[in-house]
1. Condition first: assigned to a loop (DSSP other than H, G, I, E, B) and within 13 Å of the chain's Cα centre (by Cα). Now tell me which residues in segment 61-96 satisfy that.
2. In segment 26-53, what residues are modelled with pLDDT under 90, outside any helix (DSSP H, G or I) and touching an Asp or Glu at 6+ places or on another chain (Cβ under 7 Å)?
3. Quick check on this structure: which one of E102, E111 is out of contact with any Phe, Trp or Tyr (no Cβ under 9 Å at 6 or more places or on another chain) and surrounded by 16 or more Cβ atoms within 10 Å (Cβ to Cβ)?
4. Which ones in segment 26-46 are without any contact (Cβ under 8 Å) to a residue 24 or more places away in the chain and touching a Leu at 6+ places or on another chain (Cβ under 9 Å)?
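The values are calculated or read from the model by the stated rules, or taken from the named source; none is laboratory data. On a predicted model such as this, the values are computed, not experimentally measured, just so you know. Counting neighbours? That spans all protein chains shown, and the Cβs are built from the backbone with ideal geometry, glycine included.
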Amino acid sequence: MNANQGTVYFVMGVSGCGKSSIGEGLANYLQAEFIDGDTLHPHCNIEKMRSGLALNDDDRKPWLATIVAKADAFSQQGKTAVIVCSALKKAYREQLRQVSAEVVFIYLKGEQRLIKQRLEQRCNHFMPQDLLASQFATLEAPSADEVDVIPINIDASLEQVLARCIHRINRKPALH
């Protein structure tokens, strides 16, 4: 399934909403390149989060620029890409929209209580649970004027959430 060739899908949301798992599943379905944006954070950002400190806009700027460069590299090769990136603020999404390909955001949204439960079950991740509240405080949920955003409720199993994403992608008209 590669009808959306060249499109860059950003799977977005707060930490613990399932971005990496959904992103990998979506990339497999679309036969697309996959990048977990967390792997592109500079070491200083990872250390800052690991120590329990939230990132600020200045911390995120070079990270977002790296993501845009990676996405552009894929789009210049005509490849579809799925990139996991929290994209919590509208300004961050605006920066990501500078990719030279069609961009679609898959916004994984859920209640803070549900995501906290999921974080409590997760091991070996640099993002401590304590920063979840700061992520929700930072989150500027996409508004209706962001027509390239597909909101997906995560109040179901991973398989069901992935199926919701695939269903919505398959029925979304081209943004051209």
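1. C85, S86, A87, L88, K89
2. The one that is modelled with pLDDT under 90, outside any helix (DSSP H, G or I) and touching an Asp or Glu at 6+ places or on another chain (Cβ under 7 Å): G52.
3. Just a single option satisfies the conditions, and that option is E102.
4. H41, N45
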